[in-house]
Amino acid sequence: MTENNRNVLLLCPTRRAGEALAALGEKIGCNIIEEPRSRGGFLSNPTYGHELDILDLIESTIELNSKVKLDGVTCAVAFPGMNVASACIAQKLGLPGPSPLAILTCEHKYYSRLAQQQFVPEATAAFQLIHPDDHGAIDSIEFPKFVKPVKSILSSGAYAVRSQEELRRAICRDGLPVDFLKPFNDLISKYSNFEYNADYFLVEELLEGWQVSLEGFVFNGEVTIMGIVDSLMFPGTISFKRFQYPSCLSEAVQSRMRDIAVRYLCGIKYDNWAFNFEMMYNPVTERIQIIEINARLASQFWDMFEKVDGSNPYDAILKIALGERPEFKHGLGEFPVAGSCVLRTFEDRLVKSVPGALELERLVSTYPDAKVEILAQVGKHLSDQIQDAGSFRYGLVNIGADSYEHLESKFEECSAMLPFEFEHVRVLD
């Protein structure tokens, strides 16, 4: 065991990130300090964004450095503004980290589209910015289209729309509390010259094809692509059924995707941070288009890479925070493929019971590689947490497998070992 003599601050600590980074820090002599005011809860607390003064969080954290010497700052989620705040703190303390403006450019979907137009125009979907109160703009739109907030979480507020009526319903913001945007809007005002805050929506062309996530990091100007993950949806929806790695796309298509990502990142001078590109490949037109760019890792994916490659993405963001070059190796894991599978329903439910310790222990004794995350909370409705459009997650199961067919059958066996009890919710007319 190495003596911990360095300190890295973790903003918005989640259970996933906290546990993974603490274990990795112990190996390299690094103490992970979790920032308590930015702790999770934003998925189930609609007023969290209003309660958090993110500008004060930045300044008081800088003052903390005078008492506890920080050697690095990191963040594993993009709760509106937290990854920007991490970049601001690192910059003001002279620590390794990205440009706050580069993070804001990725996270504000409109300004990201403008940058895409400049640096990777062939991969940029046609788009239009609208405000919910601009009825004239809504009346002029031709359908079908895809609409999404310029800042969201878990695809909340994102819909395919086929009429003006559907579009108006989609931008009423019932699915995403306005308070959620306050920290991000505060950061836009202070750290950018953006004309538009996050109270807007994008109306875009409807993309079709094979959806993937491209995951990686940049260190001292050098872009590393860790891998490309396939995103499988429930048929006829935009709700994720599972993510599987490595991608089944041809190497030629994956190479084109990597090239697009590198040109965009270099174009906006994105450095010393992780990233996640969501892309769509249309096999008919052979066109690759960017869905969106996230200035963070997809934390749900980390142990998929570990299962297949033997490398942990959290190790990369910890090393970057310390100013050290990460190493990411491929093909050294236990399994040929891995998946992150979603337990989901398409109707709201009241949660009566969830799997307990005995059930979880029984599953892990059968499948030692399985990592289960229970999202549902007893006594609450699934809708009490922020969800995507039209469905409700209540758990995640990450597993390794010998093949994609084995992955699907293994998930079905794991699901059968996880007893949930729900009560139907009566919908009032």
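The values are calculated or read from the model by the stated rules, or taken from the named source; none is laboratory data. Bear in mind that the values here come from a model prediction, so they are computed numbers and not experimental data. Using ideal geometry, Cβ is built from the backbone for each residue, glycine included, and neighbour counts are taken over all protein chains shown.
How many of the residues making up segment 129-164 are over 28 Å from Asp384 (Cβ atoms) and part of a strand (DSSP E or B)?
3
From the list Val308, Val284, which residue is among the β-branched types (Val, Ile, Thr) and surrounded by fewer than 20 Cβ atoms within 10 Å (Cβ to Cβ)?
Val284
Restricting to segment 188-200, name every residue that is within 23 Å of Ile171 (Cβ to Cβ) and either charged (D, E, K, R) or part of a helix (DSSP H, G or I) (or both).
Of everything in segment 188-200, those that are within 23 Å of Ile171 (Cβ to Cβ) and either charged (D, E, K, R) or part of a helix (DSSP H, G or I) (or both) turn out to be Ile188, Ser189, Glu195, Asp199.
Scan segment 47-64 for residues that are part of a loop (DSSP other than H, G, I, E, B) and either without any contact (Cβ under 8 Å) to a residue 12 or more places away in the chain or closer than 16 Å to Pro36 by Cβ (or both) and jot them down.
Once the filter is applied, which keeps residues that are part of a loop (DSSP other than H, G, I, E, B) and either without any contact (Cβ under 8 Å) to a residue 12 or more places away in the chain or closer than 16 Å to Pro36 by Cβ (or both), segment 47-64 yields Leu52, Asp53.
For segment 350-372, how many residues meet the condition of being assigned to a loop (DSSP other than H, G, I, E, B) and loosely packed, with under 13 Cβ neighbours inside 10 Å?
Selection size over segment 350-372: 2.
Listed residues Glu278, Glu327, Glu347, Glu292; which is among the charged types (D, E, K, R), surrounded by fewer than 16 Cβ atoms within 10 Å (Cβ to Cβ), outside any helix (DSSP H, G or I) and not assigned by TED's automatic domain parsing to the domain that holds Gly395?
When all the criteria are applied, what remains is Glu327.
Here are the criteria: (1) surrounded by 18 or more Cβ atoms within 10 Å (Cβ to Cβ); (2) within 25 Å of Gln254 (Cβ to Cβ). Tell me which single one Val161 does not satisfy.
If we test Val161 against (1) surrounded by 18 or more Cβ atoms within 10 Å (Cβ to Cβ); (2) within 25 Å of Gln254 (Cβ to Cβ), just (2) comes out false.
Report yes if Gly339 is buried (at least 23 other Cβ atoms within 10 Å of the Cβ) and within 27 Å of Lys241 (Cβ to Cβ), otherwise no.
yes
Quick one: would you say Leu375 is surrounded by 14 or more Cβ atoms within 10 Å (Cβ to Cβ) and either touching an Asp or Glu at 6+ places or on another chain (Cβ under 7 Å) or free of Cβ contacts under 8 Å to residues at least 12 places away in the same chain (or both)?
no
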